[in-house]
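Trainee: Once you've had a glance at the structure underneath, I'll fire off some questions.
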Amino acid sequence: MKATRDIAIDLLPLYAAGEASADSRELVEEFLQDDPELAALARALADDPFDIARPRVEGGAARLALASTRALLRRRTWLLAAAIFCSTVPFSFVFNDHGLVFLLIRDAPAAGSGLLAAAVGLWIAFGVTARRLRITGL
């Protein structure tokens with residue numbers, strides 16, 4: 001198998017850290033002599049070993065991604081609060097002479113059912129939003 005530039009790039013972090021074997025070091029040095037772009041990458045890696053792993057994102061794109069993530073986090077928070085509210089209010093109760101009485105279900109069954117239906121929708125929206133956040137890495 002012939003050694004390619006991609007193999008040299010893969011070995012470059014080991015070479016810069018001084019962890020490469022003698023054969024790997026020799027291979028990388030051959031490519032560094034012939035390829036000035038790869039040599040510049042090796043120098044940059046020696047200066048800052050984490051620089052190669054940092055994503056290259058323009059300022060505007062980074063701000064846009066941050067704003068989008070913040071909006072998703074706010075939406076998830078509000079959906080969670082509303083889902084908990086709509087899930088618990090229909091089950092508000094008191095103890096009286098007849099025992100345990102669920103107030104909303106007894107006094108306004110349509111409103112209680114509507115709140116439970118809204119709770120189901122809110123929990124689904126919360127799950128979708130949480131999944132979008134997991135996909136983005138949060």
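Just so you know, all these numbers are worked out from the coordinates, no wet-lab data involved. Bear in mind the structure is a predicted one, so any value in this text is a computation, not a measurement. Heads up, the Cβs are rebuilt from the backbone with ideal geometry, glycines too, and the neighbour counts pull from every protein chain shown.
Trainee: With the dipole of the chain worked out from charges on the C-beta (+1 for Lys and Arg, -1 for Asp and Glu) around the Cα centre, which of His98, Ala62, Thr77 lies farthest toward the positive end?
Mentor: Checking the options against the dipole of the chain, the answer is His98.
Trainee: Might you report the magnitude of the Cβ-based charge dipole of the chain about its Cα centre, with Lys and Arg at +1 and Asp and Glu at -1, to the nearest 20 debye?
Mentor: On the way: 15 positive and 16 negative charges, 269 e Å.
Roughly 1300 debye for the chain.
Trainee: Let me ask something additional. List the DSSP H helices in the chain whose Cα atoms stretch 30 Å or more along the helix axis and whose mean Kyte-Doolittle hydropathy is at least 0.5. Provide the component values of the computation, followed by the final result.
Mentor: Details: long enough: 59-88 (44 Å, 0.64); 109-135 (39 Å, 1.07).
Those that pass (Cα extent of 30 Å or more, hydropathy at least 0.5) are 59-88, 109-135.
Trainee: Now a separate question. Pull out the extension gain between Lys2 and Asp34, defined as 0.36 nm times the separation in residues minus the alpha carbon to alpha carbon distance; nm, one decimal. If you can, show how the numbers build up before the last one.
Mentor: Values: separation 32, 0.36 × 32 = 11.52 nm, distance 1.58 nm.
Residue separation times 0.36 nm, minus the Cα-Cα distance, leaves 9.9 nm.
Trainee: Tell me the mean residue ellipticity at 222 nm calculated for the chain from its helices only (DSSP H runs of n ≥ 4, each -39500 (n - 2.57), averaged over every residue, nearest 500).
Mentor: On the way: 6 runs with 100 residues, N = 138.
One gets -24000 deg cm²/dmol as the mean residue ellipticity at 222 nm.
Trainee: I need the Debye-formula profile for region 59-135: one equal scatterer per C-alpha, no solvent, reported as log10 I(q)/I(0) at q = 0.12 1/Å, two decimals.
Mentor: -0.48
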